[in-house]
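The values are calculated or read from the model by the stated rules, or taken from the named source; none is laboratory data. Model, not experiment: these values are computed from the prediction. Glycine gets a Cβ as well: all are built from the backbone with ideal geometry, and neighbour counts include every protein chain shown. These area figures cover heavy atoms from the full protein model, side chains too; ligands, DNA and RNA do not enter into them. Shrake-Rupley method; radii C 1.70, N 1.55, O 1.52, S 1.80 Å.
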Amino acid sequence: SRTLTSYKMKHTSCLLIFISLLQLMTPGSFQCSLDSIVNKRIQEALKEYKPSIPTKTLSCVSITSSGRLSSCPAGMVVTGCACGYACGSWDVRGTTTCHCQCSVIDWTTARCCHLA
């Protein structure tokens, strides 16, 4: 049973990461519905592994800005970044801002989450 639970957790974690990465590559209008799907899956996973303890709600959004910086709204922290022009070099400034490090960048996306 413990091995099965561990396998389910790994499978769920991989699925959530994959969905999050897909979301970063998806433009505009589809993004909102994908955000809600990811949030729902996270909540389901939290309930499955700790059903007797009240779970907290994890809310995440993606904020895309033109240029090298994208910041999260107040009360949220960066959990991942994506950069335009296939730039894979980025860092998080403080806990709220994504910074793309390549010389030419057209957009930056910050994945922002809040646990309540």
Inset, instruction - May I ask you to list the residues in the range 90-109 that are within 17 Å of Met76 (Cβ to Cβ) and within 16 Å of the chain's Cα centre (by Cα)? - result: Val92, Thr95, Thr96, Thr97, Cys98, His99, Thr108, Thr109
Legend entry - Filtered residues of the range 58-114 (kept if open to solvent by 40 Å² or more (accessible area, probe 1.4 Å), of a type in the set (A, V, I, L, M, F, W, C), assigned to a strand (DSSP E or B) and over 17 Å from Ser36 (Cβ atoms)): Leu69, Val77, Trp90, Val92, Trp107
Inset, instruction - Enumerate the pairs (first residue in the range 87-110 and touching a residue at least 12 places away in the same chain (Cβ under 8 Å); second residue anywhere and of a type in the set (Lys, Arg) and in a strand (DSSP E or B)) with beta-carbon separation below 8 Å, excluding pairs fewer than 6 apart on the same chain, so at least 6 apart or on different chains. - result: His99/Arg93
